[in-house]
Each structure stands twice: as C-alpha cells, then as structure tokens.
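In what follows, a single structure is set out as structure tokens and then discussed.
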Amino acid sequence: MIGRIVASALACLAALAPAGWAGDWDAVLAEARGQTVYWHAWGGDPKINAFIDWVGEQAEARHGVTLQQVKLADTTDAVARVLAEKQAGRTEGGAVDLIWINGENFAAMKARGLLSAPFAESLPNWRFVHVTGKPAVVTDFTEPTGGLESPWAMAQLVFEYDSARLAGPPRTLDALLDWIRANPGRFTYPQPPDYLGTTFLKQVLIGLAEDPAVLQKPVDPASYDRITAPLWQWLDAATPHLWREGRAYPANEPALGQLLADGEVAIAFAFNPGRASAAIAAGELADSVRTFVLEGGTIGNASFVAIPFNAAHEAGAKVIANLLLDPGVQARAQDPAVLGFQTVLDLDALPEADRARFQALDLGVATLGPAELGPALLEPHASWMDRIAEDWTRRYGTAR
Amino acid sequence: MTAAGGGLLRQAPRLTLLLVTGPVLAGVAGTVAPAFGLGERPGLDAFRALAGWPGLGAAVRLSVTTGLVSTVLALGLTLLILALLPGSRAFRATLRLLSPLLSVPHAAVALGLAFLIAPSGWIARALSPWATGWTEPPDLLTLNDPWGLALVAGLVAKEVPFLLLMSLAALPQTDAARRTVLAASLGYGRMAGWVFGVLPALYRQIRLPVYAVLAYSMTAVEMAMILGPTRPPTLSVQVALWMADPALAERGRAAAAALLQLGLVAAALAGWCAAEVAARRLLVAGAVAGLRGARLDALLRPLALGGAGLVVAAVGLGLGGLALWSVAGLWSFPDALPSAFSLRTWAAAAPDLAGRTVLTLGIAAATAGIALALALACLEAEARHGLRPSPAAMAALYLPLIVPQVAFLPGLQVAALGLGLDGSAVAVAAVHLVFVLPYVFLSLSAPYRAWDGRIATAAATLGATPGRIFWRLRLPMLLRPVLTALAVGAAVSVGQYLPTLLIGGGRVATLTTEAVALASGGNRRIVGTYALLQMVLPAAGFALALMLPALAFRHRRGMAAA
C-alpha cells in the first residue's frame with residue numbers, strides 16, 4: 001500500500017518535473033535521428049513555406065531529423081488521407097507524420113480516433129507554454145486538446161485599413177455598419193463556410209449577443225433563432241452596401257488581402273495581427289496600411305500540430321513539435337519580416353536571454369502592441385460555426 | 001512479325017481498355033458507395049441532403065449553360081479560323097502562338113484573365129485615371145458574375161487552342177486544299193465551300209475531342225473557382241467544396257452530387273449528338289439548295305480575326321500580367337506598372353524548382369511514351385486484324401474524360417491504399433496514364449484511321465511486311481499527329497493536380513501540385529512564377545511537335561500543315 005502511494009507520488013513528481021522525462025526524451029531523440037518527417041501543412045503562403053524550410057534546417061542541424069513539408073491546398077486533404085488509410089486498414093507506416101491543424105479538422109480527427117496518443121504535455125519545451133494566459137492553447141474551439149495537439153502560433157482577428165484613405169476606422173460593430181452604409185462597395189468578407197468568413201460572422205455574433213457565454217456550449221436548436229437574430233439583422237442591413245452589393249464574395253483570407261492591396265476594399269481583416277506588417281515588409285501592401293481591433297476584443301485561437309495514429313515517424317514528429325516551441329524558433333516566427341505570428345510562450349517563464357530576443361523584435365509599422373491588441377475572445381463551440389455557415393448559405397449564399 | 005508478336009498485338013486493345021476502365025470503375029464504385037450510404041446507413045439520405053441544398057437548381061443550370069455555351073463558342077471560333085484564315089499572316093501568327101497557349105495550365109489562364117478584367121485589373125489600371133477618372137477601382141461585377149460570362153470567356157480562351165491543334169493534326173487527311181479550290185471554282189464563297197466540302201470530313205475526326213471539351217467545360221473546377229459565380233458556384237465546384245468539408249460529413253452529399261454531375265454530362269453529350277444530326281440535315285439541305293454564300297466571307301472574316309485576336313490577347317496579356325507580377329514589388333491601383341521590381345519571388349522559389357521540374361518531366365515523358373506505344377499498338381492491331389472498336393469500347397476509353405474526377409478519385413485512392421500502391425512516382429505515373437491515354441488515343445486515332453490504306457496495299461504488293469509498312473511508311477507519314485499526341489499526353493500529365501495529390505500521398509511534389517497549393521493563397525507573384533515554368537515544359541513539347549515535322553517534311557509539299 002505504502003509502496004503504491006510512493007509510486008504514485010513519484011509518478012506525480014515525474015509529471016511535474018520536466019527533468020523526470022529527460023530519459024524518455026533522450027530515447028525519442030535517438031529514435032528520431034535519421035528520420036524524415038512529412039509535415040502536411042497548408043502551402044498557400046510562401047512566407048510560411050520559407051519558415052518551415054528554415055525549421056527543417058534547424059531540425060537537421062540540431063537533431064538529425066529531415067523535415068519535408070507536404071504543401072496542401074486544404075488541410076482537409078490530409079485529414080481525408082488519414083481517414084482513407086484507416087479505412088484501408090493501414091495502421092502503421094502512414095503517409096502523414098505531422099499535420100498543421102485546428103478547429104473543426106481537429107475535432108473531426110479526434111472524434112474518429114485518427115490521432116496518436118497524447119504527447120504535447122510531455123514535450124520538454126511545454127514548460128514555456130503560456131497555458132494560464134492563453135487558454136486557447138489547450139482549448140481548441142471549446143474542444144479540450146488533451147495533449148493530442150501541440151500549439152505553435154497564436155492568431156487573433158485584427159482589421160486592416162489604409163490610413164491614407166481612411167482617417168479614423170470604426171471600432172464598434174454599429175460604427176462599422178454606419179461606415180459600410182456611407183461607403184458602399186468598400187467592405188466584404190470571405191464567403192462562408194470559409195474559415196475567416198465564418199470567423200467574421202462569429203465575431204459579429206459575439207459582439208451583438210446578449211449573453212456571449214451561451215456560445216461556449218453546443219448549439220441548442222430551441223434558442224438558436226433568438227440568439228442569432230441580431231447577427232442576421234446586422235447582415236441584412238449591411239449586405240446591399242457590401243463590395244459588389246453582396247452578389248459575389250472573395251474566396252478566402254488571401255483573396256481578401258488581395259482586394260485590400262488592389263484598393264477594391266478599404267477595410268479588410270486577417271487572423272494574424274502581424275500579417276499587414278509582414279506584407280508591407282515584402283512590398284505587397286502600401287506602407288500606409290494600419291491595423292485596429294474592435295472594442296471589447298476580437299476572436300483569438302491557436303494553430304496546432306498533431307500526429308496521426310499511424311504516423312510512420314512519430315518520434316521525429318515529436319521532435320519537430322518540440323522544436324516549434326523553442327524560444328528561438330518562436331521569436332523568429334513573431335518577427336514581422338518572417339511571419340509576424342504571435343507566440344504561444346509565456347515570456348515571463350523564459351530565461352532572460354530568450355526573453356530579450358522577443359523584446360528586441362521590431363513588431364513592424366502596422367502591428368499593434370500587446371496592450372492595444374486587447375483581449376482575445378475564445379472561439380465559440382464548433383457547432384456554431386457549422387450552423388451559422390449553413391444558415392448564411394441559405395440566406396445569402398444563393399442568388400435571390 | 002512472329003505469330004506470338006501478332007497475338008500480343010491483337011490483345012493490345014483489350015489490355016488498354018482494362019488499364020483505363022479498371023481504375024475508373026473501381027473509383028466510381030468507391031464513390032457510389034457513400035452516395036447510397038453503403039457501409040454505414042444504406043438509403044437515399046445523401047440525395048435528400050443534395051435536394052435540400054438551396055443552390056442546387058442554380059448550380060445545375062450554371063454547369064450546363066457555361067459548359068454548352070463555351071463549347072459552342074470555342075468550336076465555332078475554331079471552325080471560323082480554320083475556314084477563313086489559312087494562308088493569312090494572322091493564321092501563321094496564331095500557329096506560332098498555339099503551342100504556348102495550349103500548354104498553359106487552366107488555373108494560370110484563369111488567374112491571368114482575372115487580373116486583366118477585374119475592376120482593379122490591368123485594363124482598368126492602364127486607363128486610369130486619365131481616361132476613366134477612377135482613382136479607386138469601381139465597384140463593378142466583371143468577375144464572378146452570376147451568369148458565368150467570365151467563366152465562359154476563360155473556357156473559350158483555353159479550349160480554342162486545343163480544338164485548333166486537334167483539327168490541324170487531322171486536316172491533312174481531309175484533302176482540304178483541293179476541296180476548297182474546287183468549291184471556289186464552282187463559285188462558292190470561302191466559308192461556304194469549306195463548310196460544305198471540308199467540314200464533314202474534319203468534324204468526323206474531331207468529334208471526340210469536342211466531346212472531351214464539352215465534358216471538361218461542364219466539370220472544370222480550378223477555372224470555375226477563379227472566374228465563376230460564387231452564389232452558388234457551379235456544381236463541380238460545390239462537389240469539390242463538399243469533398244473538402246472539414247467534418248468529413250459532406251462526403252455523402254458530395255458523392256450524390258458527383259453522380260448527378262455524371263448524369264448531366266451524359267445528358268449534355270446526348271443532346272449534343274442530337275444537335276449533330278440536326279446540323280447535318282441543315283448542311284445537306286443547304287448543299288442541295290446550292291447556296292454559294294459568297295457574301296458570307298466579308299461578314300465572317302472580321303469575326304474570325306477578332307475572335308482569334310481576342311483569344312491570343314486575353315491569354316497572352318493575362319500571362320504577361322502574371323509574369324510582371326512575378327518580378328513586381330509594390331503595385332497599387334491605378335499604376336499601370338509596378339512601382340518597384342524585385343527578384344525575391346524567384347529567389348524564394350528557386351531552391352525547389354530544379355527537383356520538381358525533373359520529377360514532373362520524368363513522369364510526363366514516361367506516361368506519354370507508354371500511352372503512345374499503347375495507342376499505336378491498338379490502332380495497328382485494328383488496321384492489321386480488321387478489328388473495329390465497338391461504340392461501347394470507345395465510350396469506355398473516354399470514361400476518364402467524361403466521369404468527373406471528383407467522382408472517382410477518392411474511391412480510387414482507397415483502393416490504391418488497400419493494395420499498398422501509393423506514394424511513389426511510379427504509382428502517380430500509373431494513375432496519370434489513365435488520363436493521358438484517352439487524350440493520346442483521341443488525338444491520334446482519327447488521323448491514323450484516315451491514313452490512305454491504298455499506300456499500304458501498294459507497298460504490300462511490292463513485298464513489304466506489315467512491320468515494314470508500319471515503320472517505314474505509316475509512322476513517318478503520320479509524324480505530325482504522332483508528335484502532337486505525344487505533346488498532348490505530356491501536357492495532360494504535367495497538368496494533373498488531384499490524381500497526383502491523392503495517389504502520391506503528397507510525397508510526389510510536381511510543379512502543378514506546388515502551383516495549385518500556392519494558387520490557393522491567391523498570391524499573384526508566386527503563381528506567376530510557377531505558371532511560367534509550368535508552361536515552359538509542355539510548350540517545348542508542342543513547339544517540337546510543330547517544328548519537327550516542318551523540318552522533316554520541308555521538301556514534301558503534300559505534307560505541309562496549311
């Protein structure tokens with residue numbers, strides 16, 4: 001009995017102290033050496049692809065792990081791939097080692113048992129992750145991650161505008177609606193069910209809902225109409241004054257960004273507070289573009305990596321996931337000249353030298369500081385996304 | 001040729017059919033199953049869900065109208081060009097531009113065209129603000145219009161070069177030059193003489209390419225995503241969107257829609273065949289009535305010139321715009337040119353390019369070569385053993401072109417996984433063969449069958465063996481269509497996206513998988529870079545297909561192209 005208590009106490013201690021895992025982690029490192037990790041990640045942004053290449057160089061130099069990015073047009077391609085492998089009975093040696101994922105894709109993989117055993121919280125660099133200050137790193141669209149995925153970047157919805165054409169941007173939903181009416185054809189959003197377009201709808205819903213807390217629970221059909229009524233009223237009022245009078249919508253975030261660059265819209269938005277600065281640095285956006293957030297905060301979430309149940313190179317994938325949490329790698333991702341992604345780490349938990357790297361970063365001309373960025377609101381339950389997108393298609397997605 | 005060899009040759013058609021239909025049928029079976037809920041809950045739920053989608057009627061209407069209208073326009077323009085322009089400077093210029101135009105990937109043509117005609121596009125920039133007064137882009141619906149006009153324009157621009165090349169390969173077998181001279185001597189106008197004298201022989205040979213164009217236009221995904229309407233999109237785009245649904249919950253509805261799409265294509269093809277019969281009656285009636293149509297030429301010639309010019313300009317300027325974007329720094333409205341230039345896009349892309357190019361080229365060469373060998377074996381077996389392919393066999397051969405890709409690739413992927421046949425360049429080449437073979441056969445069969453058999457008879461009476469007739473007479477005389485078929489095959493292989501991604505498991509990264517992944521980000525700079533490269537490979541092939549015969553036959557007047 002005493003033996004068992006001591007054993008479980010020791011186990012608790014081991015779980016608390018990262019050093020207790022050093023032996024296991026050494027085994028992981030040894031197994032990973034020489035492996036080639038296939039990371040399935042959306043490939044639509046050359047800046048992100050270049051960053052992943054750089055991570056690969058680091059992995060090769062530090063751990064002898066080769067990283068190969070499989071560039072996807074859509075993350076679902078990788079989810080479907082793992083599902084197809086499961087259906088075909090391939091329980092090991094799968095094609096996908098690591099997958100950039102969050103939200104619905106994660107929920108789908110978790111629900112269908114397509115993910116490996118929990119691994120994230122046993123990574124040595126997990127101790128730096130800002131779990132208390134950034135709840136989104138362990139709650140993915142209200143779905144507890146349970147260590148099945150490891151965060152690597154924070155995202156928050158920010159609006160972008162050209163300060164040369166627009167002096168004071170509207171900072172509330174009411175002001176935005178007035179501005180849209182006064183400036184017909186200069187605002188739009190990606191067509192739901194696109195991720196960013198649906199996020200905008202959720203942002204409006206949170207901003208107008210009497211009690212946003214109900215959005216953290218699954219949709220209740222009985223109260224759905226009442227809760228979403230303000231959203232549809234807002235959209236009904238805005239739609240005739242949208243870009244192309246709401247007769248066409250851009251496809252996704254890059255398409256919306258292109259409209260801002262082309263001057264077709266005057267206000268756009270992105271799920272990356274550093275996107276505008278990074279695009280300005282790359283010569284893709286006028287240097288008069290600035291960002292702003294709505295009063296009361298905007299939706300934030302985290303990007304994760306997960307390992308499928310049948311990954312051929314699980315050890316190598318863990319090494320990459322851990323490397324992505326490395327303070328040096330996180331600081332590079334936050335550099336607007338590289339990506340401008342927000343870190344998932346707790347700067348106060350970092351050693352002095354690592355903290356200095358973040359503080360030395362020039363966030364860029366258009367990026368808001370942490371104080372100006374305001375609170376990051378938690379994503380509603382994933383069922384809201386589906387239901388709202390479906391409803392949107394019925395109301396606005398087919399020609400009337 | 002030994003008896004065993006002859007036996008083997010005789011089996012070629014059967015083997016080829018098996019190679020093409022096997023994967024398609026296996027894939028369709030794998031797709032039909034979810035449509036009827038097999039494996040989970042059998043029933044018609046998926047079809048009910050499809051019927052409940054509010055955009056269904058509009059999406060179906062769009063697929064049918066954009067497909068039919070663009071095919072009619074593309075065919076009409078092709079015939080006008082062929083009838084009225086040969087011998088002119090415009091025709092020679094078009095010929096020279098044909099190969100690069102044909103080999104440009106659909107997505108690149110669409111993106112180029114989109115940048116040209118958008119309210120913030122190149123045309124508006126060139127005219128602003130001095131002519132239009134616009135300092136900001138106007139809010140005009142020139143792209144993604146609800147009628148699909150932009151999509152039709154894109155499809156026409158892409159399909160005219162294809163039909164033109166197919167026709168040029170077939171034309172030498174129609175005796176066009178002598179027939180038009182004869183018609184002219186009887187007082188027919190150029191257009192009328194060509195329509196009565198050459199068109200019947202030509203159309204018989206390009207009928208299958210026309211069907212492929214119709215099927216493609218109705219099911220195009222990348223082009224419709226960029227140029228087509230969005231509320232709702234065409235049915236094929238909606239299928240692709242449902243296939244990509246994160247929750248994987250829309251698979252059943254996507255499968256049901258894919259089957260509906262298949263039915264639509266079949267119905268459109270049937271309608272087209274009926275229209276062919278009606279057109280033939282009209283033609284015969286016109287010929288019997290002795291219509292000379294002498295005044296028609298003056299009326300139609302500007303149309304042919306204008307149409308050809310528009311196609312060349314739209315694709316050429318569009319690609320020029322993308323090429324410019326690939327070296328552009330900041331380029332804001334209404335600047336007609338970028339305010340800064342930079343090579344950073346090319347520098348960033350450079351490290352990956354060499355390996356991808358070699359792999360893409362290797363797969364294309366292997367697939368096109370095998371497809372050509374099989375097609376030649378089939379056609380030679382036909383010729384030697386007097387076999388005639390049944391209509392059913394011909395239909396089966398064209399299954400991969402007519403069945404929408406989204407309807408059978410996911411099923412095929414599961415089948416390939418089950419057999420452990422995925423993830424390698426060889427597996428990718430094998431699945432490319434399924435798409436390449438019909439195109440190669442399509443572009444080769446008509447000219448092959450139209451070859452004057454009396455030449456073979458004459459050679460045989462002089463003691464030549466069938467093998468010698470094939471190698472020394474038939475193949476050299478058919479050099480132009482053979483090389484064209486090879487180039488078409490290579491271009492088709494280079495252009496494959498979904499099959500490469502699904503069967504390659506993402507491990508086989510070609511220029512196209514890269515380009516489409518990058519195009520999903522809509523970044524014109526990087527898309528311009530890849531589009532140019534992706535164009536260079538097949539363009540080189542087509543240039544060779546046009547130049548080599550010209551070189552080989554420079555002293556053979558009867559083998560000249562036009």
(message) Please report, in whole Å³, the volume per residue of the convex hull around the C-alpha atoms of segment A:244-400.
(response) 178
(message) Given contacts defined as C-alpha pairs under 8 Å and at least six residues apart, what's the relative contact order of chain B, whole-number percent?
(response) 25
(message) Loop by DSSP (not H, G, I, E, B), at most 15 other beta-carbon atoms within 10 Å: where is the longest site-free stretch of chain A for GluC sites (Glu not before Pro)?
(response) A:93-209
(request) With a 1.4 Å probe and every protein chain left in place, work out the accessible area per residue of chain A in Å², rounded to a whole number. (result) 38
(request) Place the peptides B:180-186, B:234-240, B:388-394 in order of packing, highest mean first, counting for every residue the other Cβ atoms within 10 Å and averaging per peptide. (result) B:234-240, B:180-186, B:388-394
(request) Return P(r) of segment A:283-327 (all Cα-Cα pairs; 10 Å bins starting at 0; whole %; ordered from short to long distances). (result) 18, 26, 23, 23, 10
(message) Suppose the Debye formula is applied to equal point scatterers at every Cα of chain B; what is log10 I(q)/I(0) at q = 0.12 Å⁻¹?
(response) -1.29
(request) Determine the sum of side-chain charges near B:Gly316: Lys and Arg each +1, Asp and Glu each -1, restricted to other residues whose C-beta is under 15 angstrom from that of B:Gly316. (result) +2
(request) For segment A:65-80, take each phi angle, set θ = phi - 60°, evaluate the Karplus expression 6.51 cos²θ - 1.76 cosθ + 1.60, and give the result in whole Hz per residue in order, putting x for glycine and proline. (result) 9, 8, 10, 10, 7, 9, 7, 9, 7, 7, 4, 4, 4, 6, 4, 4
(message) Show me the three semi-axes of the equivalent ellipsoid for segment B:133-244, from the C-alpha gyration tensor (sqrt of 5 times each eigenvalue), largest first, rounded to whole Å.
(response) 39, 20, 10
(message) Given 25 °C and 0.890 mPa s, compute D for chain A with the Stokes-Einstein relation, Rh being the Kirkwood radius over Cα pairs; round to the nearest whole µm²/s.
(response) 110
(message) Counting only other chains, and only Cβ atoms inside 10 Å, what mean value do you get across the residues of B:231-243?
(response) 2
(request) Could you please report the charge total around B:Gly286, scoring K, R as +1 and D, E as -1 over all other residues with beta-carbon less than 14 angstrom from its beta-carbon? (result) +3
(message) Within the protein assembly as shown, count lysine pairs with alpha carbon atoms under 19 angstrom apart where the residues are 8 or more positions apart or belong to different chains.
(response) 5
(message) Let me check against my output: what whole-number percent is the relative contact order of chain A, with C-alpha pairs under 8 Å and at least 6 apart?
(response) 26
(message) Along each principal axis of its Cα atoms, how long is segment A:83-208 end to end? Whole angstroms, biggest number first, please.
(response) 58, 36, 28
(request) Could you tell me what % of all Cα pairs in segment A:189-269 have separations over 15 Å? (result) 62
(request) Would you give the gap between the C-alpha center of segment B:59-120 and the C-alpha center of segment B:191-234, rounded to a whole Å? (result) 10
(request) Could you please report the charge total around B:Phe115, scoring K, R as +1 and D, E as -1 over all other residues with beta-carbon less than 15 angstrom from its beta-carbon? (result) -1
(request) Using a 10 Å cut-off on Cβ atoms, rank the peptides B:108-120, A:173-185 from the highest mean neighbour count down. (result) B:108-120, A:173-185
(message) For chain A, set up a GNM with springs between Cα atoms under 10 Å and report which of A:Ala222, A:Ala108, A:Ala306 has the largest fluctuation.
(response) A:Ala222
(request) Report the one residue of B:Gly386, B:Val64, B:Ile526 whose Cα lies farthest in the direction of the positive end of the charge dipole of chain B (charges on C-beta: Lys and Arg +1, Asp and Glu -1; origin at the Cα centre). (result) B:Gly386
(message) Rounded to the nearest 5, what % of DSSP beta bridges with both residues in the protein assembly as shown are antiparallel?
(response) 65
(request) Name the residue, out of A:Trp42, A:Trp126, A:Trp54, whose mean-square fluctuation peaks in a Gaussian network model built on chain A with Cα pairs under 10 Å. (result) A:Trp54
(message) Is there a quick way to get the dipole size of chain B? I mean about its Cα centre, with the Cβ of Lys and Arg at +1 and of Asp and Glu at -1; what is the value in debye to the nearest 20?
(response) 1980
(message) If I take all pairs of Cα atoms in segment A:341-382, what percentage of them are more than 16 Å from each other?
(response) 51
(message) Going by Cα centres, segment A:324-386 and segment A:64-130 are how many Å apart?
(response) 23
(request) Find the accessible area per residue for chain B; the probe is 1.4 Å, ligands and nucleic acids are left out, and the unit is Å². (result) 41
(message) What's the ranking of B:197-208, B:161-172, B:435-446, B:264-275 by average number of surrounding C-beta atoms within 10 Å, highest first?
(response) B:435-446, B:161-172, B:197-208, B:264-275
(message) Keeping all protein chains in place and using 1.4 angstrom, which order do B:Thr510, A:Thr66 fall into by accessible surface area, from largest down?
(response) A:Thr66, B:Thr510
(message) Using the Cα atoms of the protein assembly as shown, I'd like the radius of gyration and the largest Cα-Cα distance, Dmax, both in angstrom.
(response) 30.1, 114
(message) Taking beta carbons within 10 Å but only from partner chains, what does the mean come to for residues A:67-75?
(response) 6
(message) Show me the trypsin sites (Lys or Arg not before Pro) within segment B:252-332 that DSSP assigns to loop and that have at most 15 other Cβ atoms within 10 Å of their Cβ.
(response) B:Arg292, B:Arg295
(request) Quote the relative contact order of segment A:279-360 in percent (integer), defining contacts as alpha-carbon pairs under 8 Å separated by 6+ residues. (result) 20
(message) If you take each beta carbon of peptide A:78-89 and count the beta carbons of other chains within 10 angstrom, what is the mean?
(response) 5
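The values are calculated or read from the model by the stated rules, or taken from the named source; none is laboratory data. Note that this is a predicted model, so its numbers are computed, not measured. Reconstructed Cβ throughout: ideal geometry from the backbone, glycine too, with neighbour counts over all protein chains shown. Keep in mind that these areas ignore ligands, DNA and RNA; they rest on the heavy atoms of the full protein, side chains included. Shrake-Rupley method; radii C 1.70, N 1.55, O 1.52, S 1.80 Å.
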